[in-house]
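J.: Structure provided below as structure tokens; questions to follow.
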Ligand code: SF4
């Protein structure tokens with residue numbers, strides 16, 4: 001291991017000599033469109049909080065977007081910039097986290113190639129989301145090498161930064177397992193290069209869509225962080241409520257009401273308590289409650305919309321943030337590849353080759369024996 005690489009294990013650019021480096025967190029998002037409240041409560045909000053305690057690396061997974069959208073790539077770069085603006089407006093701070101674009105760190109592709117050599121096909125075929133996604137996206141031809149291999153690329157993304165933690169909700173722990181398996185397989189062949197990434201369990205409340213299913217762009221039931229006040233009002237009016245409450249005079253049941261889940265996420269405890277009481281007592285009607293919730297959501301997302309507008313007023317500066325972040329990411333990525341190549345004896349530096357050559361000569365001399 002070079003002295004340069006050794007030093008970086010205990011010291012990052014943000015730390016002083018002798019100060020211990022914080023543990024590394026890594027996560028990414030596919031830039032396939034505007035972020036919605038489900039993305040915010042399911043990921044972004046936690047990511048912003050983790051910046052306080054960890055050395056965070058967050059990336060825009062544009063290569064992952066290609067696994068399903070390879071036939072039409074015209075929107076990928078613009079979406080990447082769009083989602084970057086969403087991420088920063090949502091609380092990620094480029095001064096504290098490394099925010100980068102996956103394809104701007106081409107080292108990911110080399111590690112992906114190395115890991116793909118040692119990943120058994122059977123492991124990929126049994127990933128639960130593989131068959132699920134093929135079924136869900138049956139309008140797309142996903143019988144590609146890239147789609148089958150996306151867990152290997154995901155593993156390369158994580159191991160590239162020798163990340164200790166990947167923030168996940170409880171239902172996603174299984175998704176990380178294949179990366180841990182590939183990591184163990186590499187380390188067992190070549191030596192302990194990569195720490196085994198651990199799931200960092202973060203609270204991820206279930207965010208329902210307007211219709212009660214999981215909020216998702218593909219279901220068309222999402223409230224985007226960028227929706228205008230009018231769009232939010234319109235969407236709130238479409239929200240499913242307690243299906244048994246047909247008239248205002250019927251007592252309602254907030255515990256089964258889809259709309260009330262949003263009160264739990266964004267309303268003050270006082271408002272929640274009031275709506276709960278007045279709904280059960282048939283005092284407040286659903287239309288009135290929809291108007292109330294719409295206003296709360298408009299106020300809640302207003303700072304986000306403002307910050308995003310400021311960022312997009314100057315797209316060149318936003319792009320510079322990504323270029324700078326990707327440059328920082330490449331420094332760590334290059335260190336990792338140096339370690340991986342050395343462990344695999346694929347190191348073509350003069351000193352490494354000389355060492356390998358000398359040990360071969362010594363072995364040959366040993367096998368021939370004294371004359
Ligand atoms: S008043 Fe509100 S909480 Fe009660 S059923 Fe209607 S929308 Fe749901």
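J.: Only one of 293, 297, 339 is buried (at least 16 other Cβ atoms within 10 Å of the Cβ), in contact with a helix residue (DSSP H, G or I) (Cβ under 8 Å, 6 or more places away or on another chain) and either free of Cβ contacts under 8 Å to residues at least 60 places away in the same chain or under 19 Å from residue 85 (Cα atoms) (or both). Can you tell me which?
T.: Testing whether each residue is buried (at least 16 other Cβ atoms within 10 Å of the Cβ), in contact with a helix residue (DSSP H, G or I) (Cβ under 8 Å, 6 or more places away or on another chain) and either free of Cβ contacts under 8 Å to residues at least 60 places away in the same chain or under 19 Å from residue 85 (Cα atoms) (or both) leaves just 293.
J.: Using the structure shown, decide if residue 222 is closer than 29 Å to residue 332 by Cβ and in contact with a strand residue (DSSP E or B) (Cβ under 6 Å, 6 or more places away or on another chain).
T.: no
J.: Here's a follow-up. Return the total of residues in segment 194-209 being under 19 Å from residue 50 (Cβ atoms), outside any strand (DSSP E or B), out of contact with any helix residue (DSSP H, G or I) (no Cβ under 6 Å at 6 or more places or on another chain) and at pLDDT below 95.
T.: 1
J.: Residue 227 versus (1) assigned to a helix (DSSP H, G or I); (2) within 14 Å of residue 294 (Cβ to Cβ); (3) more than 15 Å from the ligand (Cβ to nearest atom): which is the lone unmet condition?
T.: (1)
J.: Working carefully through the options 334, 329, find the one that is buried (at least 18 other Cβ atoms within 10 Å of the Cβ) and touching a residue at least 60 places away in the same chain (Cβ under 8 Å).
T.: 329
J.: Being farther than 29 Å from residue 220 by Cα and either in contact with a helix residue (DSSP H, G or I) (Cβ under 8 Å, 6 or more places away or on another chain) or near the ligand (Cβ under 8 Å from one of its atoms) (or both) is true for just one of 278, 324. Which residue is that?
T.: 278 is the lone residue from the list that is farther than 29 Å from residue 220 by Cα and either in contact with a helix residue (DSSP H, G or I) (Cβ under 8 Å, 6 or more places away or on another chain) or near the ligand (Cβ under 8 Å from one of its atoms) (or both).
J.: Please go through (1) touching a residue at least 40 places away in the same chain (Cβ under 8 Å); (2) under 15 Å from residue 112 (Cβ atoms) for residue 179 and return the number of the only condition it doesn't satisfy.
T.: (1) is the only condition that residue 179 fails.
J.: Does segment 135-176 hold any residues that are over 18 Å from the mean Cα position of the chain (by Cα), more than 19 Å from residue 72 (Cβ to Cβ) and either buried (at least 22 other Cβ atoms within 10 Å of the Cβ) or in contact (Cβ under 8 Å) with a residue 12 or more places away in the chain (or both), and which are they?
T.: 148 - this is the single residue of segment 135-176 that is over 18 Å from the mean Cα position of the chain (by Cα), more than 19 Å from residue 72 (Cβ to Cβ) and either buried (at least 22 other Cβ atoms within 10 Å of the Cβ) or in contact (Cβ under 8 Å) with a residue 12 or more places away in the chain (or both).
J.: Right, here's the next one. In segment 252-267, which residue that is touching a helix residue (DSSP H, G or I) at 6+ places or on another chain (Cβ under 8 Å) and either modelled with pLDDT under 95 or more than 9 Å from the ligand (Cβ to nearest atom) (or both) is farthest from residue 210 (Cα to Cα)?
T.: The residue in question is 267.
The values are calculated or read from the model by the stated rules, or taken from the named source; none is laboratory data. It should be emphasised that the depicted structure is a prediction, and the values quoted were computed from it without experimental measurement. Neighbour counts run over all protein chains shown; Cβ positions are idealised from the backbone, glycine included.
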